[in-house]
Amino acid sequence: MDEKQDDGLVLAAMLGSVPAFDALVRRYRPAIEGTALSILKCRAQAEEVAQEAFLLAFEHLPSLSDPRQFSGWLRAITRNRALRVREREARTLPLTEAQLALRDSSTALREPSDTDRALGLWMVSQALGRLAPQTREALILKAFEGWSVEEIARYQHVSPTTARGRLARARAALKNTYFEENETNYDR
């Protein structure tokens, strides 16, 4: 779907067309869930935030001044909702099993246990959390949604070279995290 079709759908939705808005939801759902996932790192929460973002967008669509700004406007709504959820969770979540395991990380050479796998996922989550939001978003769109570099570049309003650079930085950060942790484990 090209931008002119998007503009037409946005205009129709602004005039109250539910089928037009439904088409926009189908078009943007993967990207919006990817945006939320890049912040929350939990697919279930990301899906919930995406649903809330679409509901808020539908409710406030008449306030959108330029239909061409729909993509960025929807992404901003999603980011704001996801950040609120993350802040709320940070205030209420106790330490997870993986975080407790990290405190007592005396691990011998053996098959990875569920705790080790959880710790690995937690480490990846921490590495993702240290990335710039746009870099994290690019990696999630590529790795989990299967987007091409060109699609990511269009969605993030950057050049393909910039999108490739973001992906390279994200991969390097994850690689560095993996090797740093393994060196730490083998030094013990």
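The values are calculated or read from the model by the stated rules, or taken from the named source; none is laboratory data. Fair warning: this is a prediction, and the values are worked out from it, not measured in the lab. Methodologically, a virtual Cβ is constructed for each residue, glycine included, from the backbone with ideal geometry; neighbour enumeration extends over all protein chains shown. For the accessible areas, the whole protein counts, side chains as well, though only heavy atoms, and no ligand, DNA or RNA atoms are used. Shrake-Rupley method; radii C 1.70, N 1.55, O 1.52, S 1.80 Å.
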Query raised in the report: Since Glu150 meets every condition but one in (1) among the acidic types (Asp, Glu); (2) at pLDDT 90 or above; (3) under 30 Å from Leu15 (Cα atoms), which condition does it not meet?
Result: (3)
Query - First in the stretch 63-88 and under 22 Å from Arg154 (Cα atoms), second anywhere and part of a loop (DSSP other than H, G, I, E, B) and at pLDDT 90 or above, Cβ under 9 Å, 6 or more apart - result: Ser71/His157; Gly72/His157
Query - Complete set of residues in the stretch 48-77 that are open to solvent by 80 Å² or more (accessible area, probe 1.4 Å) and either in a helix (DSSP H, G or I) or modelled with pLDDT of 95 or more (or both) - result: Glu48, Gln51, Leu55, Phe58, Glu59, His60, Pro62, Ser63, Arg68, Gln69
Requested in this report: Only residues in the stretch 3-23 that are within 16 Å of Leu74 (Cβ to Cβ) count as the first member; pair them with residues that are of a type in the set (Gly, Ala, Ser) and crowded, with 18+ Cβ neighbours inside 10 Å, Cβ under 7 angstrom, at least 6 apart or cross-chain, and list the lot.
Outcome: Leu9/Ala23; Ala20/Ala13; Phe21/Ala13
